[in-house]
């Protein structure tokens, strides 16, 4: 049996600000629905990813900005860094850590992301 990770909740304070941020860096806005007054569900997917994130109201009780260690893998960390900074995101210069080349950034609430270029195999 396959067990697939397909959705991760990211806690945010301002749904529209977070949606704008993630779409500006290239995530696709898949869904934005409010089935009840207490719920707003926004699903966003990084290009090429089999896993999405969700933000919204009534989605998680985690504190906004409390997520650390989210990681995406890209073909070229330098290109990812250029794309992030071109979108106005404060990202760290690319660092070679031996097990990959990384750039790091945070969303407007402080949720922390790593972007990794895998080393040659």
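For every residue, the table says whether it meets (1) without any contact (Cβ under 8 Å) to a residue 12 or more places away in the chain; (2) in a strand (DSSP E or B); (3) under 15 Å from the mean Cα position of the chain (by Cα); (4) under 20 Å from residue 106 (Cα atoms).
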position	(1), (2), (3), (4)
4	no, no, no, no
21	no, no, yes, yes
35	yes, yes, no, no
41	no, yes, no, no
54	no, yes, yes, yes
62	no, no, no, yes
67	no, no, yes, yes
73	no, yes, yes, yes
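Here are 65, 88, 110: which of them is on the phi > 0 side of the Ramachandran plot and in contact with a strand residue (DSSP E or B) (Cβ under 9 Å, 6 or more places away or on another chain)? Steps first, please.
Numbers: 88 fails: in contact with a strand residue (DSSP E or B) (Cβ under 9 Å, 6 or more places away or on another chain); 110 fails: in contact with a strand residue (DSSP E or B) (Cβ under 9 Å, 6 or more places away or on another chain).
The conditions single out 65.
Let's see how each residue does on (1) touching a helix residue (DSSP H, G or I) at 6+ places or on another chain (Cβ under 8 Å); (2) within 24 Å of residue 16 (Cβ to Cβ); (3) loosely packed, with under 11 Cβ neighbours inside 10 Å:
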site: 69; (1), (2), (3): no, no, yes
site: 74; (1), (2), (3): yes, no, no
site: 87; (1), (2), (3): yes, yes, no
site: 91; (1), (2), (3): yes, yes, no
site: 105; (1), (2), (3): yes, yes, no
site: 119; (1), (2), (3): no, no, no
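Suppose the filter is over 30 Å from residue 120 (Cβ atoms) and modelled with pLDDT of 95 or more; does residue 79 pass it? Walk me through how you get there before you give the answer.
On the way: over 30 Å from residue 120 (Cβ atoms): no; modelled with pLDDT of 95 or more: yes.
For residue 79, the condition - over 30 Å from residue 120 (Cβ atoms) and modelled with pLDDT of 95 or more - is not met.
Select, from 40, 101, 17, the only residue that is modelled with pLDDT of 95 or more, out of contact with any strand residue (DSSP E or B) (no Cβ under 7 Å at 6 or more places or on another chain) and surrounded by 12 or more Cβ atoms within 10 Å (Cβ to Cβ). Explain how you work it out, then say what you get.
On the way: 40 fails: out of contact with any strand residue (DSSP E or B) (no Cβ under 7 Å at 6 or more places or on another chain); 101 fails: out of contact with any strand residue (DSSP E or B) (no Cβ under 7 Å at 6 or more places or on another chain).
Of 40, 101, 17, the one residue that is modelled with pLDDT of 95 or more, out of contact with any strand residue (DSSP E or B) (no Cβ under 7 Å at 6 or more places or on another chain) and surrounded by 12 or more Cβ atoms within 10 Å (Cβ to Cβ) is 17.
The values are calculated or read from the model by the stated rules, or taken from the named source; none is laboratory data. Quick caveat: nothing in here was measured; it's all calculated off a predicted structure. No Cβ is skipped: glycine too gets one built from the backbone with ideal geometry, and neighbour counts run over all protein chains shown.
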